[in-house]
Amino acid sequence: MSVSGSEKRARPYSVSTRLTQDEKRAIKARANHHGLSVGSFLRMAALSKPMPRGKHMPKDQAYLLALALSSLGTLMNEVRKIEDDPAHKTRAEKIQREAIFLRDQCFIHLGRKP
């Protein structure tokens, strides 16, 4: 991503940090929810500046997210049926982690707490 010369002069310092993949995804999703770049989102959060209101979501998108949540619930019920089988335990745990991440992102995009 290219930064304009005037922005470089206004903000000559940078800070780096290490994140897990889930943390990176969550930060990116929250930034998108507010219509901000990741850098702007993190700067505003770190400096306790108020975030802009979330982007308006058309009803059809909200409906699709709700439908995805419903499907994730069905998927999790099926995973619970195999999670006690030692042959499938690792795979079931991985599916659960991904499903929980997707569920949380759906809630965030709906403007609700996961």
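Any read-out appearing in this document is the output of simple, stated calculations on the displayed coordinates, not a laboratory observation. Nothing here was measured: the structure is a model prediction, and the numbers come from that model. Using ideal geometry, Cβ is built from the backbone for each residue, glycine included, and neighbour counts are taken over all protein chains shown.
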Exercise. HN-Hα J couplings of the range 28-36 from phi, Karplus 6.51/-1.76/1.60, θ = phi - 60°, integer Hz, Gly and Pro as x?
Worked result: 4, 5, 5, 4, 4, 4, 8, x, 10
Seminar exercise, completed: Of the candidates A46, Q21, L102, the farthest towards the positive dipole end of the chain (Lys/Arg Cβ +1, Asp/Glu Cβ -1, centred on the Cα centre) is A46
Exercise. Cβ under 13 Å from T74's Cβ, T74 left aside: what net charge do those residues give with Lys, Arg +1 and Asp, Glu -1?
Worked result: +2
Problem set entry | Listed residue pairs exceeding 26 Å between alpha carbons, taken from K59/K81; K28/K59; K49/K113; K28/K49; K89/K113; K59/K89 | K59/K81; K89/K113; K59/K89
Problem set entry | Net charge over other residues, Cβ less than 12 angstrom from the Cβ of H88 (K, R count +1; D, E count -1) | 0
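For the chain, what does the relative contact order come out to in percent, with C-alpha contacts under 8 Å and a separation of six or more?
Working: 61 pairs, mean separation 27.0, N = 114.
Normalised by residue count, the contact order of the chain is 24 percent.
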Exercise. What order do you get for 80-91, 27-38 when each peptide is scored by the mean count of other beta carbon atoms within 10 Å, highest first?
Worked result: 27-38, 80-91
